[in-house]
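What follows is one structure encoded as structure tokens, with my remarks underneath.
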Amino acid sequence: QVQLVESGGGLVQAGGSLRLSCAASGTLSIYTMGWFRQSPGKEREFVTAISGSDSSTYYADSVKGRFTISRDNAKNTVYLQMNSLKPEDTAVYYCAATWPWRGYRNPSSFNYWGQGTQVTVSS
């Protein structure tokens, strides 16, 4: 069983940056980790993921070049660095973990979820 706790959300102006953290209760090294986001009235959408096997990274087109996912297995923590934020990035951001590999774009591929952290980008 893995428990995930996100932190680092908040209010930022457009063009600003935030770094989200996702701390795990267990050993994360084998897990594929993902970040998803959800806005009111919308479905939860894929943002980015990093594999457990070789730390390959994957990004949604909407965040490519602006967001960076990374992991520190020694600290059992995954990070999401968000730069050049836009108002449309406003959402609750969720950290998720899965093992074994079942893909990364679909929320149903992930076994474990954090409680979410709010990110609000003002224009």
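Quick notes on this one:
- Summed side-chain charge close to N83 - residues other than N83 whose Cβ falls under 13 Å, Lys, Arg +1, Asp, Glu -1: +3
- The phi-based Karplus calculation (6.51 cos²θ - 1.76 cosθ + 1.60; θ = phi - 60°) puts the 3J(HN,Hα) values of the range 36-41 at 10, 9, 9, 9, x, x Hz, whole numbers, x for Gly and Pro.
- Relative contact order computed over the chain (Cα-Cα under 8 Å; 6+ residues apart), in percent: 36
- If you run the Gaussian network model on the chain, springs between alpha carbon atoms under 10 Å, then out of S108, S51, S29 the most flexible one is S108.
- Taking θ as phi - 60° and the Karplus parameters 6.51, -1.76 and 1.60, the scalar couplings of the range 75-86 work out to 9, 6, 9, 10, 10, 10, 8, 10, 10, 6, 5, 10 Hz in sequence order, x denoting glycine and proline.
- Computed with a 1.4 Å probe on the full set of protein chains, the accessible area for Y94 sits at about 40 Å².
- Accessible area of the chain belonging to carbon and sulfur atoms, whole % at 1.4 Å probe: 46
- Antiparallel bridges, percent of DSSP beta bridges restricted to the chain (to nearest 5): 90
- Gyration tensor verdict on the range 31-78 (Cα atoms; rounded if a/c is under 1.5, prolate if a/b is larger than b/c, oblate otherwise): prolate
- Probing with 1.4 Å while keeping every protein chain in the model, the per residue accessible area of the range 16-123 equals 48 Å².
The values are calculated or read from the model by the stated rules, or taken from the named source; none is laboratory data. This one's a predicted model, so the numbers in the text were calculated from it and none came from an experiment. In this analysis, Cβ positions are derived from the backbone assuming ideal geometry, glycine residues included, and neighbour counts consider all displayed protein chains. Ligands, DNA and RNA are excluded from the accessible area calculation, which covers all protein heavy atoms including side chains. Shrake-Rupley method; radii C 1.70, N 1.55, O 1.52, S 1.80 Å.
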